[in-house]
């Protein structure tokens, strides 16, 4: 599988950085030409690179459960096919009411990494989690 199918997009990586996510990744984007590089290959300054998070790294940052209005929602992801192409969808679904999803928290993506990145971005923007919580969780 190509690396581009295992990492978030450069747009998502830059957005996560702007939101305050700063845990290290195995891969980075060279911001000069948007190429993906393994961290050990970096020979420039840090400001020229942005972390290219993998699906595994992003998944670790997502909370397993969210609570809103006394209801507990659990993270759920599935893969589906449409017009011969594969897609991923993820959401937070109520544990007690089947198919009841937390509003604004159902996202789709061409890859798992893009789906997870969009979910993290949505959770930050809506105030369900903070970048500090995610950075702390991933530094353990």
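Remarks
- If the condition is being farther than 15 Å from residue 114 by Cα, outside any loop (DSSP other than H, G, I, E, B) and in contact with a helix residue (DSSP H, G or I) (Cβ under 6 Å, 6 or more places away or on another chain), then region 6-27 contributes only 19.
- Among residues of region 124-140, those that are out of contact with any helix residue (DSSP H, G or I) (no Cβ under 9 Å at 6 or more places or on another chain) and either surrounded by 19 or more Cβ atoms within 10 Å (Cβ to Cβ) or in contact (Cβ under 8 Å) with a residue 12 or more places away in the chain (or both), counted: 3
- Consider region 28-56 and keep the residues that are modelled with pLDDT under 85 and assigned to a loop (DSSP other than H, G, I, E, B). The one that is surrounded by the most Cβ atoms within 10 Å (Cβ to Cβ) is 31.
The values are calculated or read from the model by the stated rules, or taken from the named source; none is laboratory data. Model, not experiment: these values are computed from the prediction. Because the Cβ atoms are built from the backbone with ideal geometry, glycine has one as well, and the counts that use them run over all protein chains shown.
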